[in-house]
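Visitor: Take this structure first; my questions come after.
The values are calculated or read from the model by the stated rules, or taken from the named source; none is laboratory data. Bear in mind the structure is a predicted one, so any value in this text is a computation, not a measurement. Ideal geometry is used to build each Cβ from the backbone, glycine not excepted, and the neighbour counts take in all protein chains shown.
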Amino acid sequence: MQYLADGWGIGELWLENGRLLAHDLPTPAVCPSDGHDHSLAERMRRYFRGERVEFDDVELEFDGTTPYERALADALRAVPYGAIVTYGELAARAGRPRAHRAAGSFCAHNRFGLVVPCHRVVAAGGLGGYGSLGVSYKRRLLVLEGVRV
C-alpha cells in the first residue's frame with residue numbers, strides 16, 4: 001500500500017498478518033496513493049510532518065535474519081528520536097564492538113527505514129552514506145528530528 005507524505009513524496013508499505021514485511025521511504029512521485037490506508041501509514045505521514053512518532057510497537061518480519069542482525073535491529077530501534085550513534089557504537093550495543101562494518105552492511109540493506117532508523121547511524125567522521133536515497137535525504141531526516149548536522 002502507498003502513503004503520501006506531504007513535501008516528501010510517496011512511500012510504500014508491505015504488511016502481512018499485522019507484521020511489517022518492508023517499507024520504502026517516500027520519494028517524489030507522480031502516481032497518487034491508491035486510497036487504501038492503514039494506521040501505520042498515517043503514523044508515517046505524521047512523522048514526515050515533523051511530529052515525534054515512535055515505531056517501537058510495530059511488529060517486524062525477521063525471517064531469514066541472523067541473530068546478530070536481529071541484535072543490530074533491536075539496538076537501533078532503541079536509539080531515541082533525535083539521537084545519533086556511530087556504526088561502531090551500534091555494533092557495540094549489539095554485542096560486537098569490532099563489527100562496525102557489519103553494522104554498516106546491515107544498515108545498507110535495511111528494509112524497514114523509519115522503523116529500524118538507520119538514518120540515526122553516522123560515520124565516526126561525518127554523516128556517512130544513505131544508500132540510493134543519498135546523504136541529503138539522511139540529512140533531511142536528521143534535521144526533521146532536530147539533530148544538528
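Visitor: So for the stretch 123-146 (the condition being in contact with an Asp or Glu (Cβ under 9 Å, 6 or more places away or on another chain) and either at positive phi or crowded, with 19+ Cβ neighbours inside 10 Å (or both)), does at least one residue qualify?
Guide: Among the residues of the stretch 123-146, not one is in contact with an Asp or Glu (Cβ under 9 Å, 6 or more places away or on another chain) and either at positive phi or crowded, with 19+ Cβ neighbours inside 10 Å (or both), which makes the answer no.
Visitor: Oh, and also: Residues that are at pLDDT 90 or above and charged (D, E, K, R): list the strands (runs of 3 or more DSSP E) wholly contained in the stretch 1-113 that include at least 1 such residues.
Guide: Output list reads 9-16, 19-27.
Visitor: Within the stretch 114-130, how many residues turn out to be more than 19 Å from Glu12 (Cβ to Cβ) and either part of a helix (DSSP H, G or I) or without any contact (Cβ under 8 Å) to a residue 40 or more places away in the chain (or both)?
Guide: 8
Visitor: For Asp74, only one of the following conditions fails: (1) under 29 Å from Met1 (Cα atoms); (2) crowded, with 18+ Cβ neighbours inside 10 Å; (3) not hydrophobic (A, V, I, L, M, F, W, C). What is its number?
Guide: (2)
Visitor: Now for a different question. Of the conditions (1) in contact with an Asp or Glu (Cβ under 8 Å, 6 or more places away or on another chain); (2) surrounded by fewer than 16 Cβ atoms within 10 Å (Cβ to Cβ); (3) not aliphatic (A, V, I, L, M), Phe48 satisfies every one except a single condition; which number is it?
Guide: (2)
Visitor: If you take the residues of the stretch 103-113 that are crowded, with 18+ Cβ neighbours inside 10 Å and either of a type in the set (Asp, Glu) or touching a residue at least 60 places away in the same chain (Cβ under 8 Å) (or both), which of them is nearest to Ala73 (Cα to Cα)?
Guide: My answer is Phe112.
Visitor: Spot the failing condition for Pro28; the list is (1) in contact (Cβ under 8 Å) with a residue 24 or more places away in the chain; (2) closer than 17 Å to Leu144 by Cβ, and only one is missed.
Guide: Status for Pro28: all satisfied but (1).
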